[in-house]
Amino acid sequence: MASLITCPHCGTRPKEEFSIRGTALGRPHPAVSEEDWHRYVYLRDNPKGRYQEYWHHAAGCRRWLVVDRDNVTHDVFGVTDAATFGRVGE
Amino acid sequence: MTSYRLGNAGSVNRGQPLTFTFDGKNYKGFEGDTLASGLLANDQMLMGRSFKYHRPRGPVTAGSSEPNALMTIGTGARSEPNVRATVAELYNGLTAVSQNRWPSLTFDVGAVNGLLSPMLGAGFYYKTFMWPAALWEKLYEPVIRRAAGLGKLAMQADPDRYEKSWAHCDLLVIGSGPTGLMAALAAGRAGARVILVDEGFRLGGSLLSESASIGGVSPADFAAAMIEELEALPNVTLMPRTTVFGWYDDMVFGAVERVQKHVGTPSPDLPMERLWRIAAKRAILATGSEERPLVFGGNDKPGVMTASAVRTYANRYGVAAGGKIAVFTNGGSGYRTAADLVAAGVDVTAIIDARAQSADAVPDNVRVIRNGAVVSTKGRKRLEALIAERSGFQEQIACDALAMAGGWSPIVHLMCQRGAKPVWSDEAQAFLAPDVGAAFIAAGSAAGQDRISACLKDGATKAVALARELGFAAYEMNIPEVEGEYDPAFAPIWYVPGARDKAFVDFQNDVAVSDLGLAQREGFRHIEHTKRYTTAGMATDQGKLGNVATIGIVAGMRGVSPAAIGTTTFRPFYTPVSFGALAGTSRSEHAAPVRTSPLHDWAKKNGATFVEAGLWHRSAWFPREGEKGWRDSVDREVKNVRRNAGLCDVSTLGKIEIFGKGAAEFLNRIYCNNFLKLPVGKARYGLMLREDGMIFDDGTTSRLSETHYVMTTTTAYAAEVMSHLEFASQTFWPELDVRFVSSTDQWAQMSLAGPKARAIISRVVEDDISDAAFPYLAAKPVTLRGGLKARLFRISFSGELAFELAVPAGYGEAVADALMEAGKDEGICAYGVEALNVLRIEKGFITHNEIDGRTTPDDLGYGRMLAMQKADFIGKRQSSRFGLTAADRMQLVGLKPVEVDKEFMAGAHLLKEGATPSMANDQGWVSSVCHSPTLGHVIGLAMLKSGRERYGEKIVVWDGLRGKEVAAAVCPPVFADPDNRKLQE
Amino acid sequence: MSLTLFHQHVLEDHLSGFEAKANPNHLAAIRRPAIFSVLAHRGHEVFVKSGLASIEGVQVRDCAPGEWLVVSTGLGAVVMENTLAEIAGASVIDQSDGRALLRIHGPNVRRILAKCVAVDLHPDGFAVGTSTNMLCCHVAVNLARSGGDTFEIVVPRSFCGSVFEEIMEMGREFALTAAFADS
C-alpha cells in the first residue's frame, strides 16, 4: 500500500516518488586497483538488517539520497543528500 | 411466517420501512437494519450452505466476522458475491440470493457431501486426487471447484467508479465503540487532527448493542451525544462505513470506504467505494473484541449464534433471534443476553453454564443448569432442540435459537500485520496485542479491558497521553458513571468432548475438531501446517471466530499452553477488499497516464495510426486510401523519404539542457568518446556506457554556447539518462559546476529527411542553411520566417540528408503544417516510427534492440569511439577487462536471405549450416528485422560470433518458436549508402 | 514567405465545449503563462534566490535545492527572459511551452487534491506560498498553495491532458468545472 520516506529537501513523501538503486557505495578513484573496481561494479553484501541505499527522489527534487534503514523492519534511521555522503578510494 | 420483530426495541427507524427480496421472495425491513437482521425479523434463519458439506447455515454473528451468511447482492453487472448479510446495510429494493446450493437453498443436492463427511476429513483432497497429475487441471480441479464454492462473479465489467484518496491526521482512532469515541473526543478537544473510522454504517460500535446506563442515558444515546460533539469539531473527521484493513510501513493505514454500497440507485458522480491511505502520526486500536463460539456437537445448526449477536439483534435491531432461546455460556455474557431477552419479552428456556458456580445475576424465572454442557443439537434447517448434559445425565430442551458465549478475543489483527505476533495471556485466556511501539497502541477491549467503564477510561487516558506527546494541550476527560454493566469474565472451555455430531471450529470451511485431531496424528503439528492441512482459518473470514478455538484445541490435544502453539500469520486484508477499490481510477484506458506529443493532433489529422511506446502514444504510420495494410504504408513512406522527403515527429526523444563551466568535462566523463573539444554550434553522436563497459544509451549532444549543451536521448531511456546524469553529478563529481533540467516537453521536434529536405526547410527558416553555412552536424538556434525562435540540428537517423527542427511545443502543429505545405510540391509525406525503424535498419543504425545491455561499443562497430586515453569516463575501467575484448564476441552484422522471397524475424538464432540447434552451437541472434523497400527483400541486423570476419558466409537463421529455418548471407550492417554520401550533400 | 503561426494550448481539445460558468470548485487553465526554469550554480544558491525574490510580478516556485520555476501570468516570456538573464550565477531556460499552469480553487479543493497527491496540504504544514515538486495523478508536477483555497499546479505538457482528466474525475463529486483563463 504505502511507505513514507522523509526527503531532507521536500519532506515526507510516499515511496512511489522514489526509485532505489541499491547499496550506497562511493565510486572508486579511476586509478585504484582492478580488484577494487571489480568489487565496486559487481560485488554486493546484500545484508539483512541495517543498510544504506541510494534512493532517487525522482518525482520531487530529483536529488540522490542515502537512506539509512533496516530492510527487515523498515525502520528509517536517517536520510541524507548523497552529495554529502562519503566516497571510497579517496 | 412469524414476525420476530420486537415491540419498540432497538434503533432501527420504524418510520422508514424498506422492501427487499431474498431468493426471489419479498420481505420487509426498516432503515437501520442489516440484511441479516431484516431476514431474521421475517423468520428467515437459513441463510446459506457451508463450503464443503453444504450444511444448512444461519448467521453466527451480527458483524464482520460472519462465516456463514454469505450472499450475492445486486443484479447484473452490479451483482456482488460473498457479501456478509450481517454487515450489508438494508436499502429499498435490495436483491439478495443465496449461494453454494443447487437447485435451491432449502433443497441442495450437494448436501450429499454431508452424508459422505466421514470420508471427507482433512486432507481428503490431497490424498484422493493425487494422481495421475494430468487429471488435476482437466478433471479434479474443475469438479471440486464446482462442488465446493462461494458465490459467482458477474462476468460483466463493473459499471461503477472507484477512487483512492490520502488522508493525514495526528491521531487515527480505529473503532467507534466506548473506547474509540472517548479517545477521539479527548484528542479532538485538544485540537489534534483526528480521524475516527468504523466499519459499521452507524458509529457507536458495541454501545449500540449493550444495555446499561452511561451517565444516566442508554449506551446508544450516550454514543449519539458523543458523536454530535465530534461532528461539531472541525479538526475531527468521522468515517463510518470504512474498514481499516491494513497497517503498513511508516504508520500508513489502508482503509476502504463503502460510499454507495447502501444505495439502491448509485450516483454516477460518486464512487462506489473509496480506498484510503491514512498517514497517521499516532493511532489507537479500539476495535473491541470478538465473542468466541463454543465448540460442541451440532454447533452449526441455523439458530446457534454468539450471545453478543443475539443481544445485538435484540437491542440494536429490535429482532428476536428466535421464539424460545437457550443460552450456553462460560461467562457473564450469556447471563446478560438472557436478561436482555427477558426484558424484551422473549422466552429464555434455559441457561446452560459450563461453570460450577458464578455470581452472575440470573433473570427471574430462568432455569440455570450449572456444570452443564450442550452435547448435541436437533433440527435440520433450523434448531429445534438441544441435548444438555450434566453429571452424565442428558436432557432435551426445546429451543429455536441458542446463544453461545465462549469468552472474548481482543481484535488485534491490525497490530500483527507487520511481523509482531500476539501474546498469549493466561490471565485473560486470550491472545493480546503485541507491543509495536509508542505510535500505535491498543486501548479498551482490544487491549483486554473488559467493561464499558474501563474502556471509556482507557480510551480517554491513552488519547490524552498521545495528544500531549504530539504537543497538544489535552485535558483529562470526565469519565461518566456506568450503571448496570455486567462482568464479562469467563472460564474458557475449548470444546465439549464426546460429541456424536461434528463440532465445528471453522464454520465456513467445515473444519471440525476431528479434523484437527487427524492433522495432529498425521504429523501436521505446527499450527501453520495444521491450518493448511485442515483449511481452518483459510476461508473468506480468515478464521476470525475459529482460530483461537483451533489453537486452544490443538494445545489441549498436545497438552501444552496456547502460548506454545502460537498463532498463524496475520496479513492484510482484515476483511475482503474489492479489486475495484484497489484499482481506483487506474483501469482500462486510464490504467497509466498517457503522454502525448505536441504533434499528436497534427499526426491525427494526417491519419496516423498510433502505437504505445512506454507512456507515449507515437504515430506509427500514416495509411492512405487504397493501402491494404501497414506494410503498404510503411513501404511508401520509406521510398518517399529516400526519393523526396518525409516529416517525422521525434518530439518524444529526451532532451536535457546542460549548463555550467564544468559541463564539457562532465560530458567527457559521461560519454566514452571525446566531448571536450566539441565546437559551439555543432552536434556530436555519443555513446554512454554503464560502469561495466556495456552501452547504456546513445544520442547526440549539441553545444549551443560555451557553457550550454542540449543532449538528446532515446525515447525509451530519457528518464534513465536524466537520472544517470544526476547520479553522476551528485554522487561522483559534485565538485563539477554542471546543472541539468529536462526540456523534453518544451519542444516539438520534427525530423525532415530526404534529398529535398533542405529545399523545403529553407522556405520556413530565415537563416542560411546551405551546406557551407549549415554543414552536417551543425546545431544552432534559428529564426523561422515570421520571427519564431527555434533550434535546428543537421542530424540524420535515416542516412538521408536530414534536419531536426525544434520549435516551442505550442507552435508544433502550426510549424508541421507549414512544412507540409512548403513541401507539397516536393512530394513531402508524413512518416511514422515504423518507417523510421526501416530507414535506420537499412542504414545500420542501432537502437535498444542492439543496445541490449550485453553489447560494447566494439561489438556494434563503434570501437574506435572508445577514448581510452581519457583519464576517466564511466565504463572505462571495465572496458579493458578480459572478455570485453575477446575475439569471439558477438559482433553486429547484416543479414540478407539467400533466396530473396524468404523472410525471417527478430529473435531468431543463428547456426552454422548443418549444425543441430543447441546452446553449444549457437552462433548469435537476430536483433532487428524489416522488409526493405529499397532493396526489395527482408534485411536484418544480427549479433554474430566474430561477425565482422564472416561477411559472405552462409548461415542458418533458426526460429525455434515459429519452427522456421531460412538460409541467409552475412554482410556488413549498412545496407544503404555505406559511404555516407547522402549525409554530406 | 512569412509565416503566421497559431499557438495551441495543450488542453484545447479537452476544454472545448465546456460551460463557461464556473462552479464554486473550479479549475482554470492559464492560456499563456511565462514559465522559466532557473538553476543556480554552485555557491550562488542564496544570491540567485534573493535575486528571484526581488522580481515583481512573478511567482517563484521551489523545485529543488538551487532550482526554481519562475511563473508569471502578467509578464511575457521575452520580458521574463531578459529580467532573469540579469541574475548572475544562474542558468535560465524557457519552459513556457513545456509546462501547463492549472489553478484549482474552491471550498473542496483539498478534498479533491487528496485524491491526486499524497502530500498533506493542511495549512499548518503547507501554508500559502509553499511550493514543491510532487507526484500528482502519477505525474511529477510542481504544486503551490497560492491562497487558502487555491492551489496552482505546473504540469509537464505531454502529461497535461492525462492529469487534467484525472483531476476533473476526482472533482466530479464536488461539481468541479474547468475553463481557460488569461491570468
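Tell me, please, whether a residue that is among the aliphatic types (A, V, I, L, M), assigned to a strand (DSSP E or B) and within 50 Å of the chain's Cα centre (by Cα) can be found in the range B:970-983. Yes, some residue in the range B:970-983 is among the aliphatic types (A, V, I, L, M), assigned to a strand (DSSP E or B) and within 50 Å of the chain's Cα centre (by Cα).
Of the strands (runs of 3 or more DSSP E) entirely within the range B:653-743, those holding at least 1 residues that are within 11 Å of another protein chain (Cβ to nearest Cβ) occupy B:654-659, B:695-705, B:708-713, B:739-742.
Which ones in the range C:106-143 are small (Gly, Ala, Ser) and not in a loop (DSSP other than H, G, I, E, B)? Listed by number, the residues that qualify are C:SER131, C:ALA140.
Considering C:ALA178, C:ALA127, which residue is away from chain B (no Cβ under 11 Å), in contact with a strand residue (DSSP E or B) (Cβ under 8 Å, 6 or more places away or on another chain) and either surrounded by 23 or more Cβ atoms within 10 Å (Cβ to Cβ) or farther than 16 Å from C:GLN59 by Cα (or both)?
Result of the check over C:ALA178, C:ALA127: C:ALA178.
For the range A:14-67, residues that are among the aliphatic types (A, V, I, L, M) and within 14 Å of chain C (Cβ to nearest Cβ) total 3. In the range B:384-396, is there at least one residue being among the aliphatic types (A, V, I, L, M), surrounded by 15 or more Cβ atoms within 10 Å (Cβ to Cβ) and within 22 Å of B:MET47 (Cα to Cα)? The answer is yes, given that some residue of the range B:384-396 is among the aliphatic types (A, V, I, L, M), surrounded by 15 or more Cβ atoms within 10 Å (Cβ to Cβ) and within 22 Å of B:MET47 (Cα to Cα). If we scan the range A:25-47, do we find a residue that is surrounded by 14 or more Cβ atoms within 10 Å (Cβ to Cβ), closer than 30 Å to C:SER37 by Cβ and either in contact with a helix residue (DSSP H, G or I) (Cβ under 9 Å, 6 or more places away or on another chain) or β-branched (Val, Ile, Thr) (or both)? Scanning the range A:25-47 turns up at least one residue that is surrounded by 14 or more Cβ atoms within 10 Å (Cβ to Cβ), closer than 30 Å to C:SER37 by Cβ and either in contact with a helix residue (DSSP H, G or I) (Cβ under 9 Å, 6 or more places away or on another chain) or β-branched (Val, Ile, Thr) (or both). Checked against the criteria, B:ALA192 does not count as outside any loop (DSSP other than H, G, I, E, B) and small (Gly, Ala, Ser). When the range B:776-796 is filtered for residues that are in contact (Cβ under 8 Å) with a residue 60 or more places away in the chain and either part of a loop (DSSP other than H, G, I, E, B) or within 46 Å of the chain's Cα centre (by Cα) (or both), the ones remaining, listed by number, are B:TYR776, B:LEU777, B:ARG791, B:PHE793, B:ARG794, B:ILE795, B:SER796. Within the range B:529-600, which helices (runs of 4 or more DSSP H) (wholly inside it) include 2 or more residues that are within 24 Å of B:ALA85 (Cβ to Cβ)? Once the helices (runs of 4 or more DSSP H) in the range B:529-600 are filtered for at least 2 residues that are within 24 Å of B:ALA85 (Cβ to Cβ), what remains is B:547-558, B:579-583.
The set of residues from the range B:721-756 being in contact with a Pro (Cβ under 8 Å, 6 or more places away or on another chain) and aromatic (Phe, Trp, Tyr) comprises just one member, B:TRP747.
Matching residues to (1) touching a residue at least 24 places away in the same chain (Cβ under 8 Å); (2) aromatic (Phe, Trp, Tyr):
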position: B:ASP541; (1), (2): yes, no
position: B:ILE553; (1), (2): yes, no
position: B:THR569; (1), (2): yes, no
position: B:TYR574; (1), (2): yes, yes
position: B:ALA592; (1), (2): no, no
position: B:ARG595; (1), (2): yes, no
position: B:LYS604; (1), (2): no, no
position: B:ALA608; (1), (2): yes, no
position: B:LEU615; (1), (2): no, no
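Out of A:SER19, A:SER33, which single residue is among the hydroxyl-bearing types (Ser, Thr, Tyr) and closer than 21 Å to C:THR132 by Cβ? Unique residue meeting the criteria: A:SER19. For the range B:797-820, the condition holds for at least one residue, the condition being that it is polar (S, T, N, Q), touching a strand residue (DSSP E or B) at 6+ places or on another chain (Cβ under 6 Å) and surrounded by 22 or more Cβ atoms within 10 Å (Cβ to Cβ).
So, in the range B:880-903, exactly how many residues are in a loop (DSSP other than H, G, I, E, B) and crowded, with 17+ Cβ neighbours inside 10 Å? Walk me through how you get there before you give the answer.
Of the range B:880-903, the ones in a loop (DSSP other than H, G, I, E, B) are B:880-889, B:898-903.
Add one more test, that the residue is crowded, with 17+ Cβ neighbours inside 10 Å, and what stays is B:884, B:889.
Residues in the range B:880-903 being in a loop (DSSP other than H, G, I, E, B) and crowded, with 17+ Cβ neighbours inside 10 Å: 2 in total.
If the condition is being in contact with a Ser or Thr (Cβ under 7 Å, 6 or more places away or on another chain) and either modelled with pLDDT under 95 or among the aromatic types (Phe, Trp, Tyr) (or both), then the range B:654-674 contributes B:PHE659, B:PHE666.
Just one of the listed residues (B:ALA806, B:ALA814, B:ALA818) is without any contact (Cβ under 8 Å) to a residue 12 or more places away in the chain and within 14 Å of chain C (Cβ to nearest Cβ), namely B:ALA814.
Matching residues to (1) buried (at least 24 other Cβ atoms within 10 Å of the Cβ); (2) more than 14 Å from every other protein chain (Cβ to nearest Cβ):
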position	(1), (2)
B:ARG595	yes, no
B:HIS600	yes, no
B:ALA603	yes, no
B:GLY607	no, yes
B:GLU612	no, no
B:ALA620	no, yes
B:ARG624	no, yes
B:VAL638	yes, yes
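Taking the listed residues B:ILE278, B:ILE284, the one that is within 11 Å of chain A (Cβ to nearest Cβ) and modelled with pLDDT of 95 or more is B:ILE278, with no other qualifying. In the condition set (1) over 22 Å from B:VAL970 (Cβ atoms); (2) of a type in the set (S, T, N, Q); (3) away from chain A (no Cβ under 14 Å), B:GLN878 is compliant with all but (3). Taking the range B:798-879 and the helices (runs of 4 or more DSSP H) fully enclosed by it, the elements with 3 or more residues that are closer than 30 Å to C:ILE30 by Cα and over 43 Å from the mean Cα position of the chain (by Cα) are at B:812-822. Of all the listed residues (C:ARG31, C:ARG61), the sole one being within 17 Å of C:ASN133 (Cβ to Cβ) and within 14 Å of another protein chain (Cβ to nearest Cβ) is C:ARG61.
The set of residues in the range C:75-115 being more than 12 Å from chain B (Cβ to nearest Cβ), of a type in the set (A, V, I, L, M) and either surrounded by fewer than 17 Cβ atoms within 10 Å (Cβ to Cβ) or farther than 11 Å from C:PHE36 by Cα (or both) consists of C:LEU75, C:VAL79, C:ALA85, C:ILE87, C:ALA88, C:LEU101, C:LEU102, C:ILE104, C:VAL109. Those strands (runs of 3 or more DSSP E) of the range A:11-90 in which at least 3 residues are under 10 Å from the mean Cα position of the chain (by Cα), considering only elements entirely within it, cover A:19-23, A:50-56, A:64-70, A:76-81.
The conditions of being more than 26 Å from the chain's Cα centre (by Cα), closer than 25 Å to B:GLY204 by Cβ and outside any helix (DSSP H, G or I) are not met by B:VAL83.
The values are calculated or read from the model by the stated rules, or taken from the named source; none is laboratory data. Every value quoted in this text rests on a predicted model; they were computed, and no experiment measured them. Every residue, glycine as well, gets a Cβ built from its backbone with ideal geometry; the counts of neighbours run over all protein chains shown.
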